[in-house]
1. If Ser283 satisfies all but one of (1) within 17 Å of the chain's Cα centre (by Cα); (2) small (Gly, Ala, Ser); (3) away from ligand 1 (no atom under 15 Å from the Cβ), what's the number of the condition it fails?
2. Looking at Val115, is it hydrophobic (A, V, I, L, M, F, W, C), in contact (Cβ under 8 Å) with a residue 12 or more places away in the chain and touching a strand residue (DSSP E or B) at 6+ places or on another chain (Cβ under 7 Å)?
3. Of all residues in the stretch 234-287, which are small (Gly, Ala, Ser) and surrounded by 19 or more Cβ atoms within 10 Å (Cβ to Cβ)?
4. Quick test of your reading of the structure: Thr97 fulfils all but one of (1) free of Cβ contacts under 8 Å to residues at least 60 places away in the same chain; (2) closer than 21 Å to Lys15 by Cα; (3) not hydrophobic (A, V, I, L, M, F, W, C). Name the failing condition by number.
5. Could you tell me whether any residue of the stretch 38-45 is within 14 Å of ligand 2 (Cβ to nearest atom), without any contact (Cβ under 8 Å) to a residue 60 or more places away in the chain and of a type in the set (D, E, K, R)?
6. Could you identify the single residue in Val121, Val137 that is closer than 27 Å to Ile86 by Cβ, within 16 Å of ligand 1 (Cβ to nearest atom) and either more than 16 Å from the chain's Cα centre (by Cα) or buried (at least 21 other Cβ atoms within 10 Å of the Cβ) (or both)?
7. Helices (runs of 4 or more DSSP H) wholly in the stretch 161-223 with at least 2 residues that are closer than 18 Å to His242 by Cα and either of a type in the set (A, V, I, L, M) or at pLDDT 95 or above (or both) - which ones?
8. Does Ile206 count as buried (at least 19 other Cβ atoms within 10 Å of the Cβ), more than 30 Å from Tyr127 (Cα to Cα), β-branched (Val, Ile, Thr) and under 23 Å from the mean Cα position of the chain (by Cα)?
Amino acid sequence: MKIATIVGARPQFIKAAVLSRAIKLHPEVTEILIHTGQHYDKNMSEVFFEEMEIPKPDHFLYISGLSHGAMTGRMIEEVEKLLLEIKPDYLVVFGDTNSTLAPALAAKKIGIRTVHIEAGVRNFDEYMPEEINRYLVDRLAEINFCCSSLGEENLKKEGFGTGIIKSEVYNYGDVMYDAALFYEKKSDALSTILDKLNLKNTDYVICTVHREGNTNDAGKLTEIISALNIINETIPVIVPIHPRTKKKLADYGLTANFTCIDPVGYFDMIQLVKGARYVITDSGGLVREAYFFKRPSLVLMESPFWPELVDGGYCLSTQLVKEEIIKEFNLLDTTNKDYDSCIFGDGNAGEKIITQIIAHYEKKSGKEMIKPILVKMSK
Ligand code: UD1
Ligand code: UDP
């Protein structure tokens, strides 16, 4: 059985690392990894492949830095060519970026089954690029794997799993949680970021901002930066700055008085989250990591991606107005500290997902796969 996996943006490398590790335990499955090139700086791409020992991509498409239409269009064209050549049994896509939507569209048109990992996420902001991508990819996919029960509920409400839409829906938990659990020890052993930044035994805020709606709008970015400058007067704010945001600060002539560093690798990021007192972010990945590592977080979005975290009281959301951001930040000590709710599964999502894909393949093809025999070694 052949699976083509497509990645392109930073969070997808982390998710693919989990799935690739799970696939390796199944010699009956061959994985072909395609990188669209959407993220290309060393610290936005290569560092993750090195640290997380992700197989080197078999194909690299060099498509980046374009408008939505141009990027999506070029990806559809190039991915279609590749899929016709590779002829995989399944295409696996992750999350909600342009590197998720374009491959799913290309595959559907040529009859290749798509598997969507991180399906069913909704924040009901219909004009947000990620919401558009998620909604369409869920609809195109043959199998949708949700991260949480809310994702599954969202899809059921839209008619998935009812016979109207044929796609199969499962909730096996979040591969990002698998990643956090698996790589935490490696990060503890290898990362020196807290020493380098002199943050050991110090209270600080770790913050990331990159959402298009927050950075392309000069007014909103000004409010966010002004709030962070004020918060930084009482507790240090550390921002590994996304290339998009760095460019926009320069374009708008905004001055950050807090500590901006270049984007860091995943191992450093885990330490920065674990060591932080609070997390402020508009990242769908980082807000979940705040929960995994039991840190209160403030989401810089009015309609957050993971409403289950806000509803559970683990994180607060805010309007993008300086005073509101500061007001909500000052409430972070009141968030729910009971982190045993297992919203994102048990840390074995990767293995459950690959097992389900194999079962789907057997059902559809009528072929039974030769399963690896796990031999229990005696002492
Ligand atoms: C993309 C995803 C977003 C995801 C984010 C993860 C879409 C629509 N958006 O947003 O959902 O949360 O990735 O980080 O797919 N750039 C560099 N170097 C890089 C990467 C990007 O300079 O390594 C520049 C690009 O040239 C571009 C800008 O940053 O000018 C934005 O990159 P792009 O991939 O279009 O969108 P992201 O904001 O990264
Ligand atoms: N991340 C990282 N280094 C950074 C910033 C983020 O390793 O400098 C990790 C973060 O820990 C999370 C993932 O990147 O695992 C989230 O990616 P991003 O915020 O770019 O995208 P999103 O999740 O919002 O789509």
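The values are calculated or read from the model by the stated rules, or taken from the named source; none is laboratory data. What you see is a predicted model; the values in this text were computed from it and never measured. Here the Cβ positions follow ideal geometry from the backbone for every residue, glycine too, while neighbour counts run over all protein chains shown.
1. Ser283 satisfies all of (1) within 17 Å of the chain's Cα centre (by Cα); (2) small (Gly, Ala, Ser); (3) away from ligand 1 (no atom under 15 Å from the Cβ) except (3).
2. yes
3. Selection gives Gly265, Gly275, Ala276, Ser283, Gly284, Gly285.
4. Of the numbered conditions (1) free of Cβ contacts under 8 Å to residues at least 60 places away in the same chain; (2) closer than 21 Å to Lys15 by Cα; (3) not hydrophobic (A, V, I, L, M, F, W, C), the odd one out for Thr97 is (1).
5. The answer is yes, given that some residue of the stretch 38-45 is within 14 Å of ligand 2 (Cβ to nearest atom), without any contact (Cβ under 8 Å) to a residue 60 or more places away in the chain and of a type in the set (D, E, K, R).
6. Val137 is the lone residue from the list that is closer than 27 Å to Ile86 by Cβ, within 16 Å of ligand 1 (Cβ to nearest atom) and either more than 16 Å from the chain's Cα centre (by Cα) or buried (at least 21 other Cβ atoms within 10 Å of the Cβ) (or both).
7. 212-215
8. It is false that Ile206 is buried (at least 19 other Cβ atoms within 10 Å of the Cβ), more than 30 Å from Tyr127 (Cα to Cα), β-branched (Val, Ile, Thr) and under 23 Å from the mean Cα position of the chain (by Cα).
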